[in-house]
Amino acid sequence: MQDPELEVRPTPLKGRGVFTRVRIAQGQKILTFQGRALTTEALSNDLLVMQIGPELWLCSDGSLLDDCVNHSCEPNAGFLDCEPVLYALRDIEAGEEIGWDYSTSISEPGWSMECRCGSQRCRGVIRPWGELDAADREPLRGLALGYLRGS
């Protein structure tokens, strides 16, 4: 879980979060999500998961740096190359928390999560890509994983 430019710290409402120790320029790669790929039917409740395809999930035991990157309805990071790699959407100053919009990776129908991002644009509830209102989904299209961009 070591990265000289990133660190995990406690956050007031979200548990742990990932913060940058250095300034990150817009467009710069921040981190690549790690883990093992499993199908939906192979998932178990002891895993942390991120959907990366219609029936494919990137899984870990919670010990990876990327497991601690929180959601934000006003993200400063996104999947610019369609892959599970976060890039800076704007200049990110040292000390800022890294946040990406979880809706840009998940398509699982009916899934939802209370949002605690605290941004002025907070939607209140994080929903799967296909359940976002068009007004919320369209600005995120260029930040979503490749399998979602056409839907």
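Residues of region 123-141 that are assigned to a loop (DSSP other than H, G, I, E, B), open to solvent by 40 Å² or more (accessible area, probe 1.4 Å) and under 17 Å from residue 78 (Cα atoms): 127 alone. Write out, first by first residue and then by second, each pair whose Cβ atoms fall under 8 Å of each other, whose residues are 6+ apart or on separate chains, and whose first residue, in region 1-27, is within 15 Å of residue 96 (Cβ to Cβ) while the second is open to solvent by less than 40 Å² (accessible area, probe 1.4 Å) and among the aromatic types (Phe, Trp, Tyr). So the pair list comes out as 6/19; 7/19; 8/19; 9/19. Here residue 120 passes the criteria (1) under 20 Å from residue 11 (Cβ atoms); (2) in contact with a helix residue (DSSP H, G or I) (Cβ under 9 Å, 6 or more places away or on another chain); (3) open to solvent by 40 Å² or more (accessible area, probe 1.4 Å); (4) of a type outside the set (Val, Ile, Thr) except the one numbered (2).
Scanning region 15-34 for residues that are β-branched (Val, Ile, Thr), in contact with a helix residue (DSSP H, G or I) (Cβ under 9 Å, 6 or more places away or on another chain) and open to solvent by less than 40 Å² (accessible area, probe 1.4 Å) gives a single hit, 18.
Taking the options 37, 77, 88, name whichever one is surrounded by 19 or more Cβ atoms within 10 Å (Cβ to Cβ) and in contact with a Phe, Trp or Tyr (Cβ under 8 Å, 6 or more places away or on another chain).
After ruling out the rest, the residue left standing is 77.
Does residue 109 count as farther than 23 Å from residue 11 by Cβ, out of contact with any strand residue (DSSP E or B) (no Cβ under 8 Å at 6 or more places or on another chain), not aromatic (Phe, Trp, Tyr) and not in a helix (DSSP H, G or I)? Spelling it out, residue 109 is indeed farther than 23 Å from residue 11 by Cβ, out of contact with any strand residue (DSSP E or B) (no Cβ under 8 Å at 6 or more places or on another chain), not aromatic (Phe, Trp, Tyr) and not in a helix (DSSP H, G or I).
The values are calculated or read from the model by the stated rules, or taken from the named source; none is laboratory data. Since the model is a prediction, treat every value here as computed from it, not as a measurement. So basically every Cβ, Gly included, is an ideal-geometry build from the backbone, and we count neighbours across all protein chains shown. Ligands, DNA and RNA are excluded from the accessible area calculation, which covers all protein heavy atoms including side chains. Shrake-Rupley method; radii C 1.70, N 1.55, O 1.52, S 1.80 Å.
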